[in-house]
Every structure is written in structure tokens, then in C-alpha cells.
Amino acid sequence: MCGIVGYIGDAEAASILLAGLKRLEYRGYDSAGIATLDGGLHVVKRPGKLSALEEAIAEDPPAGTVGIGHTRWATHGAPTEVNAHPHTSAAADIALIHNGIFENAEVLRAQLAEEGYTFRSETDTEVLVHLIHRLWEDGEPLEDAVARALRLVEGAYGIAVISTRDPDKIVVARHGSPLLIGVGPDGSLMAGSDAAAVVELTRDVVYLDDGDYAVLERGGYRTYRLEGVEVDRTVHQITWDLEAIEKGGYEHFMLKEIFEQPSSLEDVMRGRLLEEEGDARLGGIADHQFELGRVRRIIITACGTSWHAGLVGGYMLEELARIPVSVEYASEFRYRNPVLEEGTLVLAISQSGETADTLAALREAKRRGLTTMGIVNAVGSTIARETDFGIYLHAGPEIGVASTKAFTSQMVALALFTLFMGRRRHLSVVQGREMVHALRRLPGQVQEVLALNEELKELAGAYADARNFLYLGRGYQFPVALEGALKLKEVSYIHAEGYPAAEMKHGPIALIDENMPVVFLAPRDPVYGKVVSNIEEVKARQGRIIAVVSDDAPELAGKVDHLIRVPHTIPPLLPVLTTVPLQLLAYHAAVLRGADVDQPRNLAKSVTVE
Ligand code: G6P
């Protein structure tokens, strides 16, 4: 949610900032801007996609070897040029970019306005620029004024500030929104909302903690707590390379990431399957067997697609590890007053590791003294660092805003966790081995599903004009129905609903007529026969039926309009195989409708505001 980048070094900043912003555009794309310092302050900003800013910069490149850049996902104020970041002081001596929300902005705005400050934008961010200006005493370094101002704001932020009054530095700070420093060669430094922003310059990164601020100067950086005490923050190495965040010949990141699934699934399982023991080796949780042994109940909390993975995980953990599980939207969990007794493990699932609601739910659980665990993709992210222990997905960076490979990796990570917990409880070695074998076959089976790409493109062509879609599934396939509907909505803007197949008759059945495409998830599993009956019910009402099955399904011959066959596996892992065709269906429908697949309107990849 909003991307931040900063650069200080020997090279011209504008092109480096732009390259960084391109890598961060998935975080927001309502408007973008940069500010550089070269004697004076040069600010260029444009509403709309980054390409508009790129054109403006190409026409008249702002000079300077120090600068900051921002790509916005609007919270306060429409996505206009005036609301775009950077925001500047009236004297044009301070420029600031911000990711997050200042909750007491209105109070501060009123106080500053009373003192004569004029506001140009509707943003909460502008308040902080004027506040820094107001509190900055002559001769003081910029960081002192920034720190003083930050002590007065409430809410979440990642910020970067530059000023003509103290020109050879960038001051950055974070509280609730991600921020890191990239330590480049020859004393150059970058700041970024995530590692993608800095990876062209360096693989050495320093993650700031909440409540940290840092000063980036030519040749070095210093990190402090907001109270002013200097602290040391370790340098980490980014393990993936640039190729991982480039399209590699695919038309869209979403398609690339769908096709990466055989290898991302290999990666999540690499070195973790114990064939003989029918068990999983999970380095991140192995040292916590004692705590995990005392777990009596698990609360899985997540948002969006990660919540759907959580639902699949909940079914697996209850069925195979025999642990009671509830799966909660993080945004609901954080404001309820749930009964959290001892022995409850709170498991946060997040691709980005930065989703504000998931993080808040996690912190609430910690406040109540519960053990917390994460299943996270982004290494070094806040959720990964704040949980007591966890499992990394190792799926590589996911850039497409609609999650694909992270979702299937999350389900496999949950299967590994289920194996681990199950084998220490009720799961026999034979059952464990069966699961290990099925997991081993999974990447190859996903490859087989991907071979259906052309078939799904054709199918998308037949339904790209539909106004509504219904996705129905039972048991393990119910979360797949939710995810299939979400994917279609997100990227193609066709309204879609996911529903438990049997619940259909309590409402959605009223919608069914010859214009309603209904996707049935009907692989061979214990509820297959029941789903076939539900298909009959839709058929009787002339619905157009697309059935995803896991074998020949002769019972369905003549009853459905389209049959999509995926390979068969054990029911807990079938969601991985039945999801892939739904991803492709959504992708092709979106492309055919001319939608911007990688940057769907109004969405952002990493939602770091409430
Ligand atoms: C946003 C993204 C979704 C994602 C959700 C949760 O809404 O667009 O694709 O599932 O956030 O994100 P997380 O990073 O916590 O998995």
C-alpha cells in the first residue's frame, strides 16, 4: 500500500528512483512522484500510472544525486496531482513521502492552520511536512526535527524526508509500514518499502523495526529509536535475484506466476519431506516442539486469498492432526474479544508479511500472552519477525496483485505443518507416507493442469461477457470456490460469488437461469456424490455448468456444458490442483475484457492500512 523509495549516492537519482518505483508499483498505482535535491528542491508528480510520471521525467529530468519517490494508493484525498506525494513545505525546503495513515491528522491540521500554515492537499501526509517545518530549530540536523514531529503523530507510517536546509541526507522512519535500507557499493544507499525497490543496486538490506528512524548519508547510515537512542540493525542478504521480479517473456506477472507454480511448490517442499518417517522437517518450528506439543487449539488469522488458504489448512489440521481450528478474518479478530485460553496457537498467514489487519491481529494475540506462528512468503517482513516462529514459503517474490503461486504454496506449507503436527499426535506413519508421496507428485500434476491453458482460454472466451458467475464446492473445495470467485472478481471485474454447494439452495439458486455460468468443483472425494446431486439441481434450472473433476466423471456426461479434468490426488491436496484452472480462467477472462491484469483497479498487493 503505497511504495516508498529513496536514493543517495554519486549517480543521478531520478532514473534510479523511477526504476525502484517500477518494482513497487504493485503497492499502489493511483499517482506517483519524485523529489530530488540539487541546490533547490525539484518535484515532479503525476496522477495515474507510473508511465505518466516517467514521461514527465523524460521531458525534463530533475537533477540531483539525492532523492525520494512514491507510488500512491489513495487513503485521504482523491488520486489527483495535488494529493500525490512528495508533499512539500510552503517554503519548498522540505519534501516528504508517506505510506500509512496519520490518525490524528485532523487535530494537527487544525492547530497548524491556526498558526498560519496553508494546506494545499487533502492528505494526512501534508500535516507532517508542516509539522516538521514548525518544529525545526535553526542549525539543527533534519533528523531531530523529524523525530520530534513523529512523536506527535498517531497512526501508521513509513516515511522518507529530504530538505534543502540539510541537503546531503535522507531521513526515513517506520511505524507500522515496512521500510528497509539497501546498502549499496561505493557508499551509495537506498531506502525502500521492500527489497524489490533496491535489488538493482544491492542485495544487502537492513530492515528497520517499528519505532526506528534512520539517517542515510553519502558513505553511511545511522539507525535510532524514536526516543533518540542509537541502535544497531543487522544487514541481511536478499537470496533471490532480479529475474524473479521480471516478467521473463510472459505478458503479465500473473501468468508468469501461475506458470511458476510447479517450481514454487518444489521450493516450498525442498528438503522438508521425510519419506521413510512420513513426516515433515520444518527448521523454523523444529525447536518449538515443546510449545507445539501443548497446543490445544489453533486460530488461523489472515486476509484475502491467504484467508482462503487458512480455511483449507483448518480442514486439514482438524481432519489429520485432530486439533480444533477456527479460521478468522484478521480484520474481525482484532476488534472482537475472542476467548483465548491457554494452549491456543495463533497462526498468521500472509504472503507479504505486512498486511496491517493480520499484523494487528497477531499483536493482539501476543498481548494476550499467546504463542504465535507465521506462514509468510516475504523473508524479513514484519509478521515473519514478530511471530514466535514460523514457516517460510520460499515461493519467490509475487508481483501480480492477484495472488496465485503464494496461495498454492500456502496450502502446501499448511499440509507440511499438518504432517508435522499430525505425526506428533494421531497420524499413523502409513497415513504420513501417503501424504508425503502425494506431495511429491504435486508439482508434476500442476504441470499437467497448466497444459490445459489453451482450453481455459477458449472457455474464458465463451463466458467473457457474462455479468455474474457462481462458484460452488463442498468440503476442501469450498475454499477453492471462494478463491475462484475472488480471482475472477479481482482481475476481470465480473461479479462472482463462491458458495458451499449445498447452501446454494438456500438463496443463490434463485439467481440461476440460462445466463448464469456455474463453476462446480467436483473432484473425486468423499462428497463427490453429493456435489453431483447439486449439479443436477442447477442443470434442472438451465444453469450453464463448468465442472472441474479429477477423473473421467462418467456420471456427469451430458449433464455439464464443460468438463475440466485435473489429475487425482488425496482430498486435502486436491485444492492445489482444482485452483489452477480457476486462476487461468480468471486470467484469460480479464485479458479478453481488456482489464489491467497485474494492477486491477482499486486494489493493492500489500494492504498496510486498515
Ligand atoms: C491484498 C491482496 C491479496 C492478498 C491480501 C492479503 O488484498 O490483493 O492478493 O491475498 O491482500 O495479503 P497477504 O500479503 O497478507 O497475504
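The values are calculated or read from the model by the stated rules, or taken from the named source; none is laboratory data. All of these numbers come straight from a predicted model, not from anything done at the bench. Cβ placement follows ideal geometry from the backbone for every residue including glycine, while neighbour counts extend to all protein chains displayed. In case anyone asks, the SASA skips ligands and DNA or RNA and just uses the protein heavy atoms, side chains included. Shrake-Rupley method; radii C 1.70, N 1.55, O 1.52, S 1.80 Å.
Observations on the model:
- Pairwise FRET efficiency - R151 versus Q289, Cβ, R0 = 41 Å, nearest 0.05: 0.45
- Kirkwood hydrodynamic radius (C-alpha pairs) into Stokes-Einstein, the range 44-157, 10 °C and 1.306 mPa s, D in µm²/s: 106
- Take the convex hull of the alpha carbons in the range 353-495; its mean projected area over all directions comes to 11.1 nm².
- Within the same chain, lysines fewer than 8 places from K530 are excluded, and of the rest, those with a Cα less than 24 Å from its Cα are K505, K539, K559.
- Span per principal axis, largest first, for the Cα atoms of the range 110-259 (Å): 57, 34, 25
- The range 1-103: translational diffusion in µm²/s, Stokes-Einstein, Kirkwood Rh over Cα pairs, 10 °C, 1.306 mPa s: 120
- Available extension along the chain between Q111 and E514 is 139.0 nm, counting 0.36 nm per residue and deducting the alpha carbon span.
- Unit Cα scatterers, Debye sum, the range 10-58: log10 I(q)/I(0) for q = 0.13, 0.22, 0.29 Å⁻¹: -0.28, -0.76, -1.18
- Taking label positions 7 Å along the Cα-Cβ direction at both E227 and E251, the computed distance is 5.7 nm, reported to one decimal.
- Between the range 307-376 and the range 456-480, the alpha-carbon centres lie 29 Å apart.
- Using a simple spin-label model with pseudo-atoms 7 Å out from Cα toward Cβ, N468 and Q431 lie 4.1 nm apart.
- Folded to 0 to 90 degrees: helix 304-321 orientation relative to the chain principal axis, Cα: 50
- Between E454 and Q542, the contour length at 0.36 nm per residue exceeds the alpha carbon distance by 29.0 nm.
- In the range 278-331, inverting the average of 1/r over every pair of distinct C-alpha atoms gives 12.2 Å as the Kirkwood radius.
- Tail fraction, Cα-Cα pairs, the range 430-473, threshold 13 Å, whole percent: 71
- Working from label points 7 Å from Cα in the Cα-to-Cβ sense, the D204 to A90 distance is 4.4 nm.
- Dipole of the chain, positive end: most advanced residue of A547, A145, A74 [Cβ charges, Cα centre]: A547
- Once the Cα atoms are used to define both axes, helix 477-492 deviates from the longest principal axis of the chain by about 50 degrees.
- Angle between the chain longest axis and helix 574-592 axis [Cα atoms, degrees, rounded to 10]: 60
- Mean silhouette area of the range 214-301, derived from the convex hull of its C-alpha atoms and averaged over all directions, reads 12.0 nm².
- Of all lysines in the structure, the ones whose alpha carbon falls short of 16 Å from that of K405, not counting any fewer than 8 places away in one chain, are K247, K256, K487, K605.
- P(r) tail for the range 159-224: Cα pairs beyond 14 Å make up 53% of the total.
- Ratio of Rg to Rh for the range 437-559: 0.96 [Cα atoms; Kirkwood radius as inverse mean 1/r over pairs].
- What the Cα atoms of the range 111-180 give is an Rg and a Dmax of 12.2, 36 Å.
- Heavy-atom accessible surface of the range 110-158, averaged per residue, reaches 45 Å², computed with a 1.4 Å probe.
- All-pairs alpha carbon distance profile, the chain, 20 Å steps from 0, percent: 20, 49, 27, 4, 0
- Restricted to Cα atoms, the range 187-342 shows a radius of gyration and a Dmax of 20.9, 57 angstrom.
- Average accessible surface for the range 167-220: 25 Å² per residue, computed with a 1.4 Å probe over protein heavy atoms with every protein chain in place.
- Distant alpha-carbon pairs in the range 259-366 (separation over 22 angstrom), percent: 39
- A helix-only calculation puts the chain at -11000 deg cm²/dmol for mean residue ellipticity at 222 nm, using -39500 (n - 2.57) for each DSSP H run of at least four residues, averaged over all residues.
- Our estimate of slack between E266 and E122, defined as 0.36 nm per intervening residue step minus the Cα-Cα distance, is 47.1 nm.
- Heavy-atom accessible surface of the range 436-480: percent carbon and sulfur, 1.4 Å: 45
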